[in-house]
Amino acid sequence: ITRNEQIFKHFLTLVQKNYMVHREVSFYADQICITAKYLGVVVAQVSGRRPLDWIRDYVILDAKAMLLSREYSIQQISQLLNFPNPSFFSKYFREAVGYSPSKYLNKEGE
C-alpha cells in the first residue's frame with residue numbers, strides 16, 4: 001500500500017466518523033497533518049474523485065436513509081446532520097440529488 005493510499009484510507013475513516021459535523025476539506029487535511037490542496041491531489045489521484053464528493057456522498061446517503069425511514073422530519077434531519085437550518089439542508093440536498101428532500105420522499109414513496 002502506497003503512502004497516497006494510506007492517506008486516502010485515513011481520509012475515508014475520518015469522513016465516516018465526522019461527516020455529520022465536518023464537511024470542509026481543511027478539517028480532514030488538518031487531522032492528517034497535510035494541506036487541503038495536497039489532500040485534494042492525493043484523493044483525486046487514488047480515487048478519481050474530489051474530497052468534497054466523498055464527504056457529500058456520506059452526508060446524502062445518511063440523509064436519504066433517514067428520509068426513507070420516515071422516522072425524522074426534514075427539520076430533524078437537518079439538525080442531526082448539523083446544518084444551520086432546514087433550508088440550507090434542502091439546498092445542499094437539492095444540489096447533490098437533483099430535487100428537494102420532500103420531492104425525494106414522494107418519488108421514492110411511489
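The values are calculated or read from the model by the stated rules, or taken from the named source; none is laboratory data. Everything numeric here is computed off the predicted structure, so don't read it as measured data. Positions of Cβ are generated from backbone atoms using ideal geometry, with glycine treated the same way; all protein chains shown enter the neighbour counts. Please note that ligands, DNA and RNA were not included when accessible areas were found on the heavy atoms of the full protein model with its side chains. Shrake-Rupley method; radii C 1.70, N 1.55, O 1.52, S 1.80 Å.
One table, with the values for the structure above:
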| read-out | value |
| --- | --- |
| The one condition in (1) more than 9 Å from the chain's Cα centre (by Cα); (2) within 25 Å of residue 95 (Cβ to Cβ) that residue 38 fails to fulfil | (2) |
| Residue in the stretch 13-22 that is open to solvent by less than 80 Å² (accessible area, probe 1.4 Å), assigned to a helix (DSSP H, G or I), aromatic (Phe, Trp, Tyr) and at pLDDT 95 or above present | no |
| Residue list for the stretch 80-110, restricted to those being in a helix (DSSP H, G or I), open to solvent by 30 Å² or more (accessible area, probe 1.4 Å) and within 16 Å of residue 56 (Cα to Cα) | 80, 88, 91, 92, 94, 95, 96, 97 |
| Pick from the stretch 23-44, criterion assigned to a helix (DSSP H, G or I) and closer than 19 Å to residue 82 by Cβ, ranking: least open to solvent (accessible area, probe 1.4 Å) | 28 |
| Residues (among the aliphatic types (A, V, I, L, M) and out of contact with any Leu (no Cβ under 6 Å at 6 or more places or on another chain)) located in the stretch 64-74 | 65, 66, 68, 74 |
| Residues (within 17 Å of residue 20 (Cβ to Cβ) and either open to solvent by 50 Å² or more (accessible area, probe 1.4 Å) or of a type in the set (Val, Ile, Thr) (or both)) located in the stretch 45-60 | 52, 54, 55, 56, 57, 58, 59, 60 |
| Neighbours by Cβ (under 9 Å, 6+ apart or cross-chain): first from the stretch 5-28, of a type in the set (S, T, N, Q); second open to solvent by 80 Å² or more (accessible area, probe 1.4 Å) and not in a helix (DSSP H, G or I) | 26/35 |
